[in-house]
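What follows draws every value from the coordinates through simple rules; no lab data is involved. Model, not experiment: these values are computed from the prediction. When we count neighbours, we look across all protein chains shown, and the Cβ atoms used for this are built from the backbone with ideal geometry, even at glycine.
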Amino acid sequence: MRDKGGGMRKFPISRVRALVFAALIFAAPQAGAQGVEATTAAGDKVLLHPNGRWEYVDQKKAEQARAVAQQYPENQGCPPGSQGGLFGVGRCIMPGDKDYNRGSLNPNRR
């Protein structure tokens with residue numbers, strides 16, 4: 001940056017510190033994004049993810065756990081005929097629900 005006289009203007013130290021601090025805060029969540037390896041009470045090695053989920057490190061046990069998890073209805077996704085649940089995110093709206101085919105919420109378009 002140049003001041004009005006053509007010379008270089010110095011950044012105040014507090015502004016530089018604030019920029020460094022902001023960069024560190026935004027970079028910190030990426031540092032541990034891989035997860036932490038841990039051992040259960042039964043002696044199984046698991047990988048703990050930052051979002052609270054976990055999985056077995058052993059691929060054979062991981063496949064068995066996925067097969068068991070797929071038996072539960074909450075892991076099946078939205079049933080046919082429902083609305084919502086785009087890419088597995090959001091709720092499933094079943095026919096008969098007041099929000100099913102509600103159309104636009106804009107009163108000028110109703």
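Some observations on this one:
- Residue by residue, the stretch 60-65 carries 3J(HN,Hα) couplings of 5, 5, 5, 5, 5, 5 Hz when phi is fed to the Karplus relation 6.51 cos²θ - 1.76 cosθ + 1.60 (θ = phi - 60°); x denotes Gly or Pro.
- Phi-based couplings in Hz for the stretch 90-96 (Karplus 6.51, -1.76, 1.60; Gly and Pro marked x): x, 9, 8, 9, 8, x, x
- Taking amide H as placed 1.01 Å from N in the peptide plane, Val57 has its amide H under 5 Å from the amide H of Lys45, Val46, Leu47, each at least 5 places away in sequence or on another chain.
- Summed side-chain charge close to Glu55 - residues other than Glu55 whose Cβ falls under 13 Å, Lys, Arg +1, Asp, Glu -1: +1
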